[in-house]
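These notes are about the structure you will find just below.
The values are calculated or read from the model by the stated rules, or taken from the named source; none is laboratory data. What you are looking at is a predicted structure, and each value in this text was computed from that prediction instead of being measured. Cβ atoms come from the backbone with ideal geometry, glycine included; neighbour counts cover every protein chain shown. Remember, those area values only see protein heavy atoms, side chains included, never the ligands or the DNA or RNA. Shrake-Rupley method; radii C 1.70, N 1.55, O 1.52, S 1.80 Å.
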Amino acid sequence: MPEYDLAIRGGLVATAFGATRCDIGVKDGRIAAIAEKITDAAQTIEADGRYVLPGGVDSHCHIEEPSRGGYTMSDGEPQVTVNEESFVTASTSAFAGGTTSVVCFIPQWKGFGVRERYEDYRRRGATGMLDHAFHQIISDPTDAVLNEEVPHLVAEGVRSLKVFLTYEPLHLTDGEFLKVLLTARKHGCLVTVHCENYEAIQWRTHALLEAGLTGPKYHAWSRPRVVEREATHRAIALAELVDQPIQVFHVSCEEAAEEIARAQARGLKVWGETCPQYVSLTAVDMDRPGFEGAKYMCSPSPRDTHEHLRIWEMIHRGTLDVVSSDHCGFSFGGDKGKAVAGRDASFEKIPNGIPGLAARLPIVFSEGVAKGRIGLEEFVKLTATNPARIMGLYPRKGVIQPGSDADLVLWDPTRKVTLTNALMQHAIDYTPYEGMEVTGWPTMTIRRGEVVMRDGKVQAEPGTGRYLPRGSYDLVKPRGITPDGFLPG
């Protein structure tokens, strides 16, 4: 009987700690050996000089996420609508782009709890092929939710709470945010934060509409850099007040990243994440004719090409150490999605969010490694190792070492590809990256030792993804330092 189920031979195996040409032996879905030569395997894949990378870990994805938009009440339950991306289509897109694990979001609606939504989302996640973990959104931090339901979710393996400092009806006041921070600290959770100032955006949006400035381009005007910088500063200050680790999501500009850098220099447990759109798209994309600019609307808004260079510098410095997709797709055609309020709707009525699951790794590799801005090790850190580590999935995910899941990507570093919506293989009818040429492309994706994508053809079976419960982990433990040594009980 062969010693290994699978051997990947002849590739340059790249990790966050270095790259070396060697073989990988897989047994029972896990990496069993890394050696100069492995021959005794039931199946052999010849890497033929390609890179062998850890499967991508995308720690910020909105997938099949129920919403209360336009709901009516029936027997006390909301009638929900669901965005177009299912766990099956999202899995297909992720595998096509070299991602094997995701962390996505369980919603909470004002006036409702979280436990039923968790149970519903577990069922949804089980239909797909991706290995998945969850963030729990907290939009209504009642005592019942924080003291009774959150502990149940933690016991089920949910170890991150997501809060919004903007958006109606999701945003929390500072007092509510403090309650969430204290709850997370008590139960050993990370808090992830969307940092933009709600009141400032509301004020500026009203002024723009009053001035008749309503097109998609004015979405960027409604939320300039200063509102992101201010909210980032405030989120960090409140987290420091109660000694709670946080991750700032989708940083779009140097000003916000500098707030994170200052916190890190003070020794605070604050991490920063950015996304491909903030090194490839600009506010000018929203100034396209008619409704076309809606395709590029997300929050925070894309900035300009000068900001792209500043974000790369913050990545190089290590201030921003995760690149996620913030995949949040709304189709462009039809009367739902981006056009749910009509194609003549003012910018504040157009759904925010862009799709990006399959594009994430190719864009980061092309703009980063191929253009000499980052090295191969740093690419692996940004797209796999760091998100796994910060989310408590490491070393099961995000690394190539014995004992880890055999999540692997064979990568052609010289292949040039023009991005099209068809290549994304998602349920959304467009990609904001249409026509962009990238250098570097995944040719095979392996999940737990099983080939799930080969040459762009996904061959995984629905229902084969696994839930990834997360236990306590040292990285997000409080430092034990509060002002004056005081912490409310």
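Here are the numbers for this structure:
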{"read-out": "Tally of residues being more than 22 Å from ALA460 (Cα to Cα), touching a helix residue (DSSP H, G or I) at 6+ places or on another chain (Cβ under 7 Å) and open to solvent by 10 Å² or more (accessible area, probe 1.4 Å) across the stretch 433-447", "value": "2"}
{"read-out": "Among (1) part of a loop (DSSP other than H, G, I, E, B); (2) in contact (Cβ under 8 Å) with a residue 40 or more places away in the chain; (3) aromatic (Phe, Trp, Tyr), the one test that PHE112 misses", "value": "(2)"}
{"read-out": "Residue match in the stretch 460-482 (condition: over 29 Å from ASP285 (Cβ atoms), outside any strand (DSSP E or B), in contact with a Pro (Cβ under 9 Å, 6 or more places away or on another chain) and among the aliphatic types (A, V, I, L, M))", "value": "yes"}
{"read-out": "Selection within the stretch 397-422 - among the small types (Gly, Ala, Ser), touching a residue at least 40 places away in the same chain (Cβ under 8 Å) and surrounded by fewer than 17 Cβ atoms within 10 Å (Cβ to Cβ)", "value": "GLY403"}
{"read-out": "Qualifying residue in the stretch 473-481 (condition: closer than 30 Å to ASP120 by Cα and open to solvent by less than 20 Å² (accessible area, probe 1.4 Å))", "value": "yes"}
{"read-out": "Number of the condition not met by ARG204 [criteria: (1) at positive phi; (2) without any contact (Cβ under 8 Å) to a residue 24 or more places away in the chain]", "value": "(1)"}
{"read-out": "Qualifying residue in the stretch 167-176 (condition: open to solvent by 10 Å² or more (accessible area, probe 1.4 Å) and aromatic (Phe, Trp, Tyr))", "value": "yes"}
{"read-out": "Residues satisfying the stated conditions in the stretch 170-179, i.e. outside any loop (DSSP other than H, G, I, E, B) and either touching a strand residue (DSSP E or B) at 6+ places or on another chain (Cβ under 9 Å) or touching a residue at least 60 places away in the same chain (Cβ under 8 Å) (or both)", "value": "HIS171, ASP174, GLU176, PHE177, LEU178"}
{"read-out": "Looking only at the stretch 180-197, and only at residues there that are open to solvent by 10 Å² or more (accessible area, probe 1.4 Å) and part of a helix (DSSP H, G or I), the one that is nearest to ILE137 (Cα to Cα)", "value": "THR183"}
{"read-out": "Selection count, the stretch 251-267, where residues are under 16 Å from ARG223 (Cβ atoms) and among the hydrophobic types (A, V, I, L, M, F, W, C)", "value": "3"}
{"read-out": "Meets criteria (touching an Asp or Glu at 6+ places or on another chain (Cβ under 9 Å) and surrounded by 20 or more Cβ atoms within 10 Å (Cβ to Cβ)) for PHE291", "value": "no"}
{"read-out": "Count - residues of the stretch 123-155 that are surrounded by fewer than 16 Cβ atoms within 10 Å (Cβ to Cβ) and either assigned to a loop (DSSP other than H, G, I, E, B) or under 19 Å from the mean Cα position of the chain (by Cα) (or both)", "value": "2"}
{"read-out": "Filtered residue count, the stretch 426-459, keeping only those that are on the phi > 0 side of the Ramachandran plot, assigned to a loop (DSSP other than H, G, I, E, B) and touching a residue at least 24 places away in the same chain (Cβ under 8 Å)", "value": "3"}
{"read-out": "Checking ILE315 against (1) open to solvent by less than 10 Å² (accessible area, probe 1.4 Å); (2) in a loop (DSSP other than H, G, I, E, B), the condition it does not meet", "value": "(2)"}
{"read-out": "Residues of the stretch 122-167 classified as without any contact (Cβ under 8 Å) to a residue 12 or more places away in the chain and among the small types (Gly, Ala, Ser), total", "value": "1"}
{"read-out": "Long-range neighbours under 9 Å by Cβ, at least six apart or interchain, first residue in a helix (DSSP H, G or I) within the stretch 211-232, second open to solvent by less than 50 Å² (accessible area, probe 1.4 Å) and modelled with pLDDT under 95", "value": "HIS219/ASN352"}
{"read-out": "Residue, nearest to ALA359 (Cα to Cα), within the stretch 403-425, restricted to residues that are part of a strand (DSSP E or B) and not hydrophobic (A, V, I, L, M, F, W, C)", "value": "THR418"}
{"read-out": "Leading residue by the ranking (farthest from the chain's Cα centre (by Cα)) among those in the stretch 223-248 that are hydrophobic (A, V, I, L, M, F, W, C) and buried (at least 24 other Cβ atoms within 10 Å of the Cβ)", "value": "ALA239"}
{"read-out": "Residue check, ALA283 open to solvent by less than 40 Å² (accessible area, probe 1.4 Å) and touching a residue at least 24 places away in the same chain (Cβ under 8 Å)", "value": "yes"}
{"read-out": "Per-region count, the stretch 309-345, residues under 17 Å from TYR296 (Cα atoms) and in contact with a Leu (Cβ under 6 Å, 6 or more places away or on another chain)", "value": "2"}
{"read-out": "Check on TYR394, outside any strand (DSSP E or B) and free of Cβ contacts under 8 Å to residues at least 12 places away in the same chain", "value": "yes"}
{"read-out": "Residue that is modelled with the lowest pLDDT [pool: residues in the stretch 30-76 that are of a type in the set (Asp, Glu) and more than 29 Å from the chain's Cα centre (by Cα)]", "value": "ASP75"}
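Okay, residues lined up against (1) open to solvent by less than 10 Å² (accessible area, probe 1.4 Å); (2) basic (Lys, Arg); (3) under 23 Å from GLU84 (Cα atoms); (4) not in a loop (DSSP other than H, G, I, E, B):
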{"residue": "GLY329", "(1), (2), (3), (4)": "yes, no, yes, no"}
{"residue": "LYS338", "(1), (2), (3), (4)": "yes, yes, yes, yes"}
{"residue": "ALA341", "(1), (2), (3), (4)": "no, no, yes, no"}
{"residue": "ALA345", "(1), (2), (3), (4)": "no, no, yes, no"}
{"residue": "LEU357", "(1), (2), (3), (4)": "yes, no, yes, no"}
{"residue": "GLU378", "(1), (2), (3), (4)": "no, no, no, yes"}
